[in-house]
Amino acid sequence: MELPIKLSEQSREPIYHQIEHQIKALIASGQLEAGTSLPSIRALSKDLEVSVITTRRAYQNLEYEGFIKTLQGKGTFVADINVSLKKEIKEDTVANALRKAIGTAYQHNYSKKKLNVYLINY
Amino acid sequence: MSYSIEVKDLQKTRDDFELGPFNLNIEPGLVTALVGSNGAGKSTLLKTIMNLVKPTSGDIRILGSYVNHTESWKQDIAYLPQNKLGHDPFNGMQLKELVSSLYPNWDEALFKRIVKDLDVNLKKNFKNLSPGGQQKLALALTIPRNAPIIILDEPTSHIDIVSKTILLDLLAEWMEDGERTLILATHQVEDIRKLADMVAIMKDGNLLAYKDKEALIETYTQYWMVDPLPTESLPGEVRRKGSKTVITNDETELEDYLSQHQLKWLNKETLNLENTISLMLTK
């Protein structure tokens, strides 16, 4: 399966980190359910056009943190993570996206008031 | 760490050309793209690895065996040269019989699959095939040898878009094993983006860089300035485009300089893979 991951070469965040975060977000939001089979390191590297070194690092970190598990000879799967962790990541993901949007608005000299209008009308 | 291929202090001197000296250690599990302008020494390096060209000095080891002392490593490596000497008078079926008899691990099922997927013509004599047809047949004769190392010298230059997509998928699948090694000399950016983990860049017989793709694209950053830049050379400056755009290989030093001189930039971006390689090869 192809994962809906979008990488930015221009971000200050290292590529392996971007992969890690986006997979976590997919798991936390329920788009990737526990037990779902994930692409192999080589297949994901090809899709994302990155080296296996980078993808392996992302998978290793996810495995270490308990988000995914690798079964010898069977592949990599989404692990069962607890509800509070899911919630934490969901909040993190949303907060990060908002922080970025607010940063962009300030870069363009938007006032807090103008930003509030967006939030209310959305 | 045990390497698949170790190139140590390699040097080859000919009348008009000098290769090396350099070292290159290639790990199993990785795809290396060997890039460089025509005449940079890519094919000579590959031929030296295959013991077809004798180095002036230095050593090559394949899976630990010195290539000039032993023969057994030849089973461990499947090499597709640019010039397929001696193929012309035979058709694909005859060539397959010949090649498969030399490789005891020949994977007949994989051969059949490649022939079908890439629509390889087995009936025409090699010399009567189009350049693309010849490349497809040569690949079908190389990949199923089931060797732990494959070396392909410009395998995709004439191949059509559809077949190329299939081929890249096939090679990625071949790498799934995790312990295999693939080296391809190529001029195709798509090969590098989709398949390569490491990029080895050669220029005038020297190895300029051997890095993973993500490290490579961090080499250069381009800045778009608000006002024209001073004419003096800036920290890490590699190239300038007009008076307001500069490319550096040292972000930190350049940004220190710019803030000291109160010069503002509108935007900065790292160069993409293609532009990074081009700049390395031309600067």
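Structure above, values below:
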item	result
Over the protein assembly as shown, equivalent-ellipsoid semi-axes from the Cα gyration tensor in Å	43, 30, 19
Radius of gyration and Dmax over the Cα atoms of chain A, both given in Å	16.8, 56
Per-residue average of Cβ from other chains inside 10 Å of A:14-21	1
Set of aspartates and glutamates near B:Lys283 by C-alpha distance (under 15 Å), chain-local residues within fewer than 8 positions excluded	B:Asp204, B:Glu237, B:Glu274
Contact order normalised by residue count of chain A, Cα under 8 Å, 6+ apart, percent	25
Given A:Lys87/B:Lys268; A:Lys112/B:Lys264; A:Lys46/B:Lys124; B:Lys42/B:Lys84, the pairs whose alpha carbons are separated by over 27 Å	A:Lys87/B:Lys268; A:Lys46/B:Lys124
Shielding of B:21-32 by partner chains, average beta-carbon count, 10 Å	1
Sparse-neighbour loop sites [GluC sites (Glu not before Pro); region B:176-283; at most 14 other C-beta within 10 Å; DSSP]	B:Glu179, B:Glu232
Trypsin sites (Lys or Arg not before Pro) within region A:1-98, DSSP loop, no more than 16 other Cβ atoms inside 10 Å	A:Lys6, A:Arg12, A:Lys74
Nearest-20 debye value, region A:83-122 charge dipole, Cβ charges on Lys, Arg, Asp, Glu	120
Two-site FRET efficiency, A:Ile102 against A:Phe77, from Cβ-Cβ distance with R₀ of 51 Å, rounded to 0.05	0.90
Dimensionless Rg/Rh of chain B - Kirkwood Rh, Rg from C-alpha atoms	1.05
Linear extension gain, A:Ser8 paired with A:Leu85, 0.36 nm per residue minus alpha-carbon span	25.1 nm
Region B:1-35-region A:44-122 distance, computed between alpha-carbon centres (Å)	39
Estimated 222 nm signal from helices in chain B, with DSSP H stretches of n ≥ 4 weighted -39500 (n - 2.57), rounded to 500	-9000 deg cm²/dmol
Most fluctuating residue given options B:Leu137, B:Leu85, B:Leu271, as computed from a GNM of chain B linking Cα atoms under 10 Å	B:Leu85
Charge sum, other residues only, whose C-beta stays under 14 Å from A:Lys46's C-beta, Lys/Arg counted +1 and Asp/Glu -1	-3
Neighbour-count ranking [beta-carbon atoms within 10 angstrom, fewest first] of A:Val78, B:Val120	A:Val78, B:Val120
Percentage relative contact order, chain B, counting C-alpha pairs under 8 Å, at least six apart	21
Footprinting exposure proxy for B:Ser2, B:Ser65 (fewest neighbouring C-beta atoms within 10 Å first)	B:Ser2, B:Ser65
For region B:221-282, radius of gyration divided by Kirkwood radius, i.e. Rg to Rh on alpha-carbons	0.95
Dimensions in Å of region B:1-129 - Rg and Dmax from alpha carbons	17.2, 46
Distance in nm between pseudo-label sites at B:Glu269 and A:Tyr122 (7 Å out along the Cβ direction from Cα)	2.7
Nearest-0.05 FRET efficiency for B:Glu232 and B:Glu176, computed from C-beta distance (R0 41 Å)	0.20
Simple Cβ-charge dipole of region B:141-220, Lys/Arg +1 and Asp/Glu -1, about Cα centre, in debye nearest 20	160
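Read the figures in this text as sums done on the coordinates, not as results from a lab. Here the structure is a predicted model, which means the values were calculated and not measured. Positions of Cβ are generated from backbone atoms using ideal geometry, with glycine treated the same way; all protein chains shown enter the neighbour counts.
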